[in-house]
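Colleague: First the structure, which I've put down as structure tokens, then a few questions once you've had a look.
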Amino acid sequence: MNERYGISPLDQQHLLFDADDTLWENNVHFERAFDSFVAYLNHESLSVAEIRAILDDIERATLISHGYGARGFSHTLRETFRHITGTRDEAQLATVEALGLRLLDLEIELIADVRRTLEALRPHHDLFLVTKGHLDEQRRKIERSGVADLFDATIVTEEKRVDTYRETVATLDLEPARTWMIGNSPKSDILPAMEAGINAIFIPHEMTWHMEHVEFAHNPAWSGRLVELGGFTELTSLFRHRDAMGEARERRPAT
Ligand SMILES: [Mg+2]
């Protein structure tokens, strides 16, 4: 038994995995599309930060109407371009939209050693995929990821809220104390999971979408454990080898 996290190597755990920017690269492609958008716009006075602020405002509305994903983002790009330039030129707008739509066909690039790590965990634990986004888009990514076969169940949800995790625990009949949400997003993976009374493992990704960033600190009201890891492969240490636990850092309250 590892006293620090209370995980026995012999205990079967229920591991819920985020997908985008946890299992595979995602936001970097959106950032590249944004860079292409800025280059195509070629605006003479607006700074990149100002263009980003306009896009973010439009994106907030798009998220409500279209949800997450490349289709919604292509709509955001189109609307942002129209807002800034005032153009109604359909050829230009279609060009801009295509910068987002091409994200739909990109090859899925797994983060280093994800498959090997999942294969190491699978004999000992239940693995579930819990991803938010456009249903068809996420399903296509999962199918093309090459790791779909390693999960016992896959859940695609429009948003990840506290209720999402409560429902997941109930639907899959999981024991909260042995259930862990693993992901890169404080807003979607960590905070709502902790609020729902399960454990969470934060694996930061340097390219995490800025709208998923939330400052957080441990809340004494949380019953679960919160762990921060430096990389995906450290999961095997956390859940299998007590001797390697030194690699995991317990998240300290922010000062
Ligand atoms: Mg993610």
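Colleague: Looking at GLU50, GLU79, GLU119, can you tell me which residue is at pLDDT 95 or above, assigned by TED's automatic domain parsing to the domain that holds ASP149 and more than 16 Å from the ligand (Cβ to nearest atom)?
Modeller: Exactly one residue qualifies, and that residue is GLU119.
Colleague: For the stretch 12-28, check the following and say yes or no: at least one residue is part of a loop (DSSP other than H, G, I, E, B), assigned by TED's automatic domain parsing to the domain that holds GLU175, away from the ligand (no atom under 16 Å from the Cβ) and touching a residue at least 24 places away in the same chain (Cβ under 8 Å).
Modeller: Looking for residues that are part of a loop (DSSP other than H, G, I, E, B), assigned by TED's automatic domain parsing to the domain that holds GLU175, away from the ligand (no atom under 16 Å from the Cβ) and touching a residue at least 24 places away in the same chain (Cβ under 8 Å), one finds at least one in the stretch 12-28, hence yes.
Colleague: While we're here: Which one of the conditions (1) under 22 Å from ILE142 (Cα atoms); (2) in contact (Cβ under 8 Å) with a residue 12 or more places away in the chain; (3) not in a strand (DSSP E or B) does LEU174 fail to meet, given that it meets all the rest?
Modeller: Single failed check for LEU174: (1).
Colleague: Next question, about the same structure. Do you know which of the residues in the stretch 143-189 that are among the charged types (D, E, K, R) and closer than 12 Å to PHE128 by Cβ is nearest to the chain's Cα centre (by Cα)?
Modeller: ASP152
Colleague: Another question about this same structure. Could you check the stretch 177-228 and list, in sequence order, the residues that are surrounded by 17 or more Cβ atoms within 10 Å (Cβ to Cβ), more than 15 Å from the ligand (Cβ to nearest atom), of a type outside the set (D, E, K, R) and in a helix (DSSP H, G or I)?
Modeller: Matches in the stretch 177-228: MET194 only.
Colleague: Another question about this same structure. Looking at ASP11, ASP113, ASP18 in this structure, which one is in contact with an Asp or Glu (Cβ under 9 Å, 6 or more places away or on another chain) and under 30 Å from ASN199 (Cβ atoms)?
Modeller: Within the list ASP11, ASP113, ASP18, the selection yields ASP18.
Colleague: Looking at (1) surrounded by fewer than 24 Cβ atoms within 10 Å (Cβ to Cβ); (2) within 10 Å of the ligand (Cβ to nearest atom), find the lone condition where ARG166 falls short.
Modeller: Every condition holds for ARG166 apart from (2).
Colleague: Filter the stretch 78-118 for residues that are of a type in the set (A, V, I, L, M, F, W, C), surrounded by 13 or more Cβ atoms within 10 Å (Cβ to Cβ) and not in a helix (DSSP H, G or I) and give the result.
Modeller: LEU106, ILE108, LEU110, ILE111
Colleague: Within the bounds of the stretch 131-140, is there any residue that is more than 17 Å from the chain's Cα centre (by Cα) and of a type outside the set (Ser, Thr, Tyr)?
Modeller: Scanning the stretch 131-140 turns up no residue that is more than 17 Å from the chain's Cα centre (by Cα) and of a type outside the set (Ser, Thr, Tyr).
The values are calculated or read from the model by the stated rules, or taken from the named source; none is laboratory data. In this text the structure is predicted, and so the values were computed from the model without any measurement. FYI the Cβ positions are ideal-geometry reconstructions off the backbone, even for glycines, and counts take in every protein chain you see.
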